Amino acid sequence: MRLNKYIASAGICSRRKADELIANGNVKINGLVMKELGYDVVPDDEVQVNGKILEGAGKKVYVALNKPTGYITSMDDDKKRATVAELVGDIPERLFPVGRLDYNTTGLLIMTNDGQLTYTLTHPKHHVYKTYVVKVEGVISDSRIAKLRKGVDIGGFVTSPAKVKVVKQMPRYAVVEIQIREGKNRQVRKMFAAVGNKVQELERTAIGDIRLGRLMSGHYRKLTVKEIEYLKGL
Ligand code: URA
């Protein structure tokens with residue numbers, strides 16, 4: 001992390017003020033004055049400002065975001081589409097999404113600067129159930145539900161058993177809750193397409209025990225200590 005951002009992330013001043021402190025020789029790295037504004041702080045560096053060791057900088061941050069449609073889950077986009085980074089832009093740390101949600105999918109996205117946790121949660125062997133609420137076109141029959149539960153071919157890949165329940169069946173559409181452990185690209189959309197129901201709306205409501213709850217669209221909340229411990233223990 002750039003030195004000015006690192007100092008600002010400890011909450012003692014703004015990035016501009018941090019630049020001044022650095023330029024004026026008030027900042028030391030491992031005991032030596034550092035005047036390079038672009039210096040990249042590495043995890044073992046000891047940063048001192050005005051003779052005091054900086055605490056709380058470079059800390060790990062974990063948030064749950066309710067992603068709206070029309071945002072992509074990367075940090076920048078060459079097509080200039082809106083990114084989820086903008087929705088957590090007031091957090092000084094640079095947070096990365098844990099896994100993906102499609103441009104048109106809404107709901108729970110965990111974002112963090114904890115690379116280790118991101119790695120574990122997205123690693124194929126750590127598959128936790130993710131819950132989605134899906135609005136699909138038409139009628140979803142019992143036999144289609146049975147197929148989804150058992151596993152369907154989504155083009156060269158057969159999905160593993162899923163938990164599926166119909167929340168509501170209306171004449172023209174159905175609302176279904178599905179829990180899956182894998183995370184293939186567009187998996188839920190492809191699973192419903194495989195049984196003949198087009199997805200109209202898709203929302204992720206939970207990742208394991210972490211719930212979206214009443215978080216408003218486009219808003220985020222910090223995860224609780226209990227939630228962070230839960231994720232680390234998965
Ligand atoms: N499955 C999908 O099809 N899309 C998502 O965004 C997440 C799961």
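Between MET111, MET75, MET170, the Gaussian network model of the chain with springs among Cα atoms under 10 angstrom shows the greatest mean-square fluctuation at MET170.
One quarter of the convex hull surface built on the alpha carbon atoms of region 3-53 amounts to 3.0 nm², the projected area averaged over directions. Using a Gaussian network model of the chain in which every pair of alpha carbons under 10 angstrom is joined by a spring, one finds that among LYS135, LYS17, LYS79 the greatest mean-square fluctuation is at LYS79.
Between ASP209 and VAL139, the distance separating the two model label sites (each 7 Å from Cα on the Cα→Cβ line) works out to 4.1 nm. Using the Cβ-Cβ distance between GLU177 and ALA82 with R0 set to 25 Å, the FRET efficiency from 1/(1 + (r/R0)^6) comes to roughly 0.35. Using only alpha carbons, region 129-207 has a radius of gyration to Kirkwood radius ratio (Rg to Rh) of 0.92. Positive contributions from Lys and Arg (+1) and negative ones from Asp and Glu (-1), summed over other residues with Cβ under 15 Å from the Cβ of TYR103, come out at +1.
In the chain, helices alone account for a calculated mean residue ellipticity at 222 nm of -6000 deg cm²/dmol, with every DSSP H run of four or more residues adding -39,500 (n - 2.57). Put simply, the chain fits an ellipsoid with semi-axes of 44, 17, 14 Å; these come from the alpha carbon gyration tensor as the roots of five times its eigenvalues, largest first. Just for the chain, what percent of DSSP beta bridges are antiparallel, to the closest 5? Beta bridges within the chain, antiparallel portion: roughly 95 percent.
Between the listed residues ASN185, GLN200, MET216, the Cα displaced farthest toward the positive end of the dipole of the chain, a dipole computed from Cβ unit charges relative to the Cα centre, is found at GLN200.
Computed from label points 7 Å out along Cα-Cβ, the spacing between ALA23 and VAL195 is 6.3 nm. With 0.36 nm allotted per residue and the present C-alpha distance subtracted, the VAL167-LYS222 stretch has 16.9 nm of extension available.
All of the numbers you see were taken from the coordinates with simple rules; none came from a lab. Since this is a predicted model, take the numbers as computed values, not measurements. Every residue, glycine among them, receives a Cβ derived from its backbone with ideal geometry; neighbour counts consider all protein chains shown.
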